[in-house]
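So the structure is just underneath, and the comments pick up after that.
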Amino acid sequence: MDVNEFETRSQALVTDGTLGYDQKVRRLAALATEMVPYPIISAECQQALDARVICDMYEGNAPFTARYILPDYEKAIRNGLAHLEMPPPTTLDDALAFLMVMYVNVPSVTTYPVYLGDLDKVLEAFVTSQISDAELDAKLRRFWISIDRILPDAFAHLDLGPRDSRVTRSVFRVERSLRQAVPNITLKVDPDLTPDDLIEDGVRTVFETGKPHFVNHPMMVADHGERYAAVSCYNSLKIGGGAHTLVRMNLKEVALRHTGTVDEFLFGTLPRFVELTAELAEARIRSLVESQHFYDTHWLATEGLIDIDRFSAMFGIFGLAECVNLLMAAQGRDGRYGHDADADLLSRRVVERVSELVAARPMPYCEGGGGFCYLHSQSGIDLDHDVTAGTRIPVGDEPGMLDHITTCAPHHRYFASGVSDIFHVDETAVRNPQAVVDIIRGAFVAGMRDFTFNLDSNEFVRITGYLVRKSDLAAIAAHSGARHSSDLLAAGSEDTFHLTQRAVKRIGCHEREPR
Amino acid sequence: MTTTGSVASTIAFSNVDGPGNRFVVFVQGCNFDCVACHNPQTIPVFQHGHERARYQRSVTDLLTEIRRAAPYLSGITVSGGEAMLQPEFVRDLFSAVRDDAALTQLTCFIDSNGASDASIWDLVIPVTDGTMIDLKCFDEHIHREMTGQSNELVLASIERLHALGLLYEVRLLLLAGVNDDNALLRRTGEWLATVDAHMRVKVIGFRAHGARAHDPPLVEPTPERLQAVADLLHTIAPFDICVI
């Protein structure tokens, strides 16, 4: 970027009538990092990046924070925080105040924390029998309002479960009464530990607020150990660790650059672009770790609340549907992903091959992933046009739910850091939440890792991981601005895709800092 | 299992045909000819020839479909058409589900108009977990006008299935100006309360979509009217009422 462009874009930001003061400050800061030189990458990598075959999520030229940080809140509560001069809390009120102080000091690429803790476990010791459910609800309600107003970003995410707890039940009650977009919530489900009526309580909450997301706890534990959490747009990572960065590869664009057979794609074209994506990841990781010295200097690291050995990077893919359909068409076949057994089989070959390649490409400072990137089914950003998020079936082209699940489920085991498929349920489910519980249990038996439901007619629109209210989108359309940064991203997607008018209320995951 | 039945269609997932998520078999053929039927194509009973053959499905074949959906289900429901026109098929389908190691967790429900006598029900009762019975109208005369049949067997079925612990729900399909008179609904509620004061009652408003044209046109009750009916029924007994 030259100085003239910098000036023009800065000018546009400061004069933008729909952005609030804080939103302008954050965007100006992001703009400034674009004046810093990009980490050194090869010409071929740069070319693929410029053509957006591969993508750095617009994180900025010189990463100076890890993208996804999962502080060990339980340890912080236990030991207190030296840097922030916070002693260990002894009451529920103190613990909630402690957490809020900590949240506003946890960095991320959006400037807002993407992980707010496994709240049931973090607060468990403070919820004594002296505190009634009504008192607990009142305290969490105040806390919830504070989270939404102080951290106005729907990527801020907390986890609950798999065991039942008073905190979890209270959170669901508060959620249903407040109906806020923030925070985002995941319920960890273990078929042996999570009672049906807790899952059903979660389902009833989905009907009101589009939350929680459901994750397959045993599957996550197998990949990450007990200390994991789903954060931001449903990225599953290690607690006390996280992801340095997220790079992604557009499988549609890769397929468009391919001529030849399917085997030549799998063993020639695909490996070439996987390596370019990996090169980009490595350059960004080295920049963060070796040039900006994030893990040597940040207080979360020096106080032992994060450990670089519990970090890795996320290798995202998207556009599988278009990739498969293009490869089918190149063979003179018209079968489509989600509707044709051969197309579905091909989709599994592509994902399996990417998984092999990523698992064979060592990555520095990625001990959290055993020295390799985590594979991730990436759910899109608002600049993605004519390409389907992650490994999803294109919006509007989904088959019935059973076929939808059986098409998507085989992919899930490959994506340790999350998939986040979305299923659409109609309003009749509201009178029969057990039906949704049945589907959740079945989906986990089928090997699904994580997914969420969207209810038709809900005021909330799920973008991918994050939620917005339709009324907030309408306000942006009327040029009156938005309190949540994520609403502005959603408005961009809505303008492009009109997703709120589609069968499935989904937009696309937006984790980039907008230019 | 080589038993076959006349089947109009199946759906893998339904959340409106009994408790939880259910696989539904819609049989072909009904002994009622309801003016308000929203699946009128399932009414004709095909006894002969290629028309009959077109609808024949074997229990074995259906079991293959059910097994695929089973991990996601609370159970299966046979709906219609009228399930009890093919009691041997229903019996053999349910028996096969019960005997299949992969399907033992599934419950087997019947959605019926109730117009079958006890000897027919006896064929399926040993393998049935629950029933949902439509009561088109408590008034015999209006019932005949609406369905072409008496309601005598329907009322007897409701009483008997309840006594056997197999009545999951009674459904009242309301057509504005036809069977939604307050005095009639009060009588209906009083009779239902003698069967079970805590009965699950589903109050369903007629919807013109899918139904055949009628002269004069059938009228959909308003949501407010349906709620008023629920309120009225609640004054009679503590029914578990669901309005849709």
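The values are calculated or read from the model by the stated rules, or taken from the named source; none is laboratory data. This is a predicted model, so every value here is computed, not measured. Positions of Cβ are backbone-derived with ideal geometry, glycine not excepted, and every protein chain shown enters the neighbour counts.
Of all the listed residues (A:127, A:122, A:101, A:114), the sole one being of a type in the set (A, V, I, L, M, F, W, C) and touching a Lys or Arg at 6+ places or on another chain (Cβ under 7 Å) is A:127.
Of all residues in the stretch B:55-68, those satisfying the criterion of being assigned to a helix (DSSP H, G or I) and at pLDDT 95 or above are B:59, B:60, B:61, B:62, B:63, B:64, B:65, B:66, B:67, B:68.
If I filter the stretch B:75-86 for residues that are within 14 Å of another protein chain (Cβ to nearest Cβ), surrounded by 14 or more Cβ atoms within 10 Å (Cβ to Cβ) and of a type outside the set (A, V, I, L, M, F, W, C), do I get at least one hit?
From the stretch B:75-86, those within 14 Å of another protein chain (Cβ to nearest Cβ) are B:75-77; that's our starting set.
In the following step, the residues that additionally are surrounded by 14 or more Cβ atoms within 10 Å (Cβ to Cβ) were identified as B:75-77.
Those still in the list that are of a type outside the set (A, V, I, L, M, F, W, C) too: B:75, B:77.
Checked the stretch B:75-86: at least one residue is within 14 Å of another protein chain (Cβ to nearest Cβ), surrounded by 14 or more Cβ atoms within 10 Å (Cβ to Cβ) and of a type outside the set (A, V, I, L, M, F, W, C).
In the stretch A:17-41, the qualifying residues are those that are of a type outside the set (A, V, I, L, M) and within 29 Å of residue A:418 (Cβ to Cβ), and the one that is surrounded by the most Cβ atoms within 10 Å (Cβ to Cβ) is A:27. For the stretch B:37-74, enumerate the residues that are surrounded by fewer than 20 Cβ atoms within 10 Å (Cβ to Cβ) and within 14 Å of another protein chain (Cβ to nearest Cβ). The answer is B:64, B:65, B:67, B:68, B:71.
Out of the residues in the stretch A:402-433 that are assigned to a loop (DSSP other than H, G, I, E, B), within 30 Å of residue A:225 (Cβ to Cβ) and not hydrophobic (A, V, I, L, M, F, W, C), state the one that is nearest to the other protein chains (Cβ to nearest Cβ). Checked the stretch A:402-433; the qualifying residue nearest to the other protein chains (Cβ to nearest Cβ) is A:413. Taking the conditions (1) more than 28 Å from residue A:52 (Cα to Cα); (2) modelled with pLDDT under 80 in turn, residue A:497 satisfies each one other than (1). Surrounded by 18 or more Cβ atoms within 10 Å (Cβ to Cβ), out of contact with any strand residue (DSSP E or B) (no Cβ under 6 Å at 6 or more places or on another chain) and farther than 13 Å from residue B:170 by Cβ - does that describe any residue in the stretch B:207-218? Yes, the conditions are met somewhere in the stretch B:207-218.
Can you list the helices (runs of 4 or more DSSP H) found entirely within the stretch A:31-118 that contain at least 1 residues being out of contact with any strand residue (DSSP E or B) (no Cβ under 9 Å at 6 or more places or on another chain) and of a type in the set (Asp, Glu)?
Correct list: A:43-50, A:92-103.
Residue by residue through the stretch B:223-244, note down the ones that are out of contact with any Lys or Arg (no Cβ under 9 Å at 6 or more places or on another chain) and β-branched (Val, Ile, Thr). Reasoning before the result, please.
Restricting attention to the stretch B:223-244, the residues satisfying the condition of being out of contact with any Lys or Arg (no Cβ under 9 Å at 6 or more places or on another chain) are B:223-231, B:234, B:237-238.
Of everything in the stretch B:223-244, just one residue is out of contact with any Lys or Arg (no Cβ under 9 Å at 6 or more places or on another chain) and β-branched (Val, Ile, Thr), namely B:229.
Is it the case, given these coordinates, that residue A:379 is crowded, with 17+ Cβ neighbours inside 10 Å, out of contact with any strand residue (DSSP E or B) (no Cβ under 6 Å at 6 or more places or on another chain), at pLDDT 95 or above and among the hydroxyl-bearing types (Ser, Thr, Tyr)? For residue A:379, the condition - crowded, with 17+ Cβ neighbours inside 10 Å, out of contact with any strand residue (DSSP E or B) (no Cβ under 6 Å at 6 or more places or on another chain), at pLDDT 95 or above and among the hydroxyl-bearing types (Ser, Thr, Tyr) - is not met.
Note on the stretch B:1-36: residues that are out of contact with any Ser or Thr (no Cβ under 7 Å at 6 or more places or on another chain), in a loop (DSSP other than H, G, I, E, B) and either surrounded by 19 or more Cβ atoms within 10 Å (Cβ to Cβ) or within 14 Å of another protein chain (Cβ to nearest Cβ) (or both) amount to 1. The helices (runs of 4 or more DSSP H) found entirely in the stretch A:262-357 that carry 2 or more residues being modelled with pLDDT of 95 or more and closer than 30 Å to residue A:406 by Cα are A:270-286, A:320-330.
Filter the stretch A:434-450 for residues that are more than 12 Å from every other protein chain (Cβ to nearest Cβ) and in a loop (DSSP other than H, G, I, E, B) and give the result.
As a first pass, look at the stretch A:434-450 and keep what is more than 12 Å from every other protein chain (Cβ to nearest Cβ): A:449-450.
The one that is more than 12 Å from every other protein chain (Cβ to nearest Cβ) and in a loop (DSSP other than H, G, I, E, B): A:449.
In the condition set (1) away from every other protein chain (no Cβ under 14 Å); (2) in contact with a helix residue (DSSP H, G or I) (Cβ under 9 Å, 6 or more places away or on another chain); (3) in a loop (DSSP other than H, G, I, E, B), residue A:399 is compliant with all but (1). Counting only helices (runs of 4 or more DSSP H) that sit wholly inside the stretch B:69-171, those with at least 3 residues that are in contact (Cβ under 8 Å) with a residue 24 or more places away in the chain and either touching a strand residue (DSSP E or B) at 6+ places or on another chain (Cβ under 8 Å) or of a type in the set (Val, Ile, Thr) (or both) are B:87-99, B:152-163.
So if I check each of A:104, A:171, which one is surrounded by fewer than 23 Cβ atoms within 10 Å (Cβ to Cβ) and in contact (Cβ under 8 Å) with a residue 24 or more places away in the chain?
Working: A:171 fails: surrounded by fewer than 23 Cβ atoms within 10 Å (Cβ to Cβ).
Step by step, each of A:104, A:171 is checked, and only A:104 is surrounded by fewer than 23 Cβ atoms within 10 Å (Cβ to Cβ) and in contact (Cβ under 8 Å) with a residue 24 or more places away in the chain.
Here is a yes/no grid of residues against (1) of a type in the set (Gly, Ala, Ser); (2) under 24 Å from residue A:153 (Cβ atoms); (3) touching a residue at least 12 places away in the same chain (Cβ under 8 Å):
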{"residue": "A:281", "(1), (2), (3)": "yes, no, yes"}
{"residue": "A:286", "(1), (2), (3)": "no, no, yes"}
{"residue": "A:290", "(1), (2), (3)": "no, no, no"}
{"residue": "A:312", "(1), (2), (3)": "yes, yes, yes"}
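Which of the residues that make up the stretch A:421-472 are farther than 30 Å from residue B:200 by Cα and at pLDDT 80 or above? If the condition is that a residue be farther than 30 Å from residue B:200 by Cα and at pLDDT 80 or above, then A:421, A:422, A:444, A:445, A:446, A:447, A:448, A:449, A:450, A:451, A:452 are the ones that fit.
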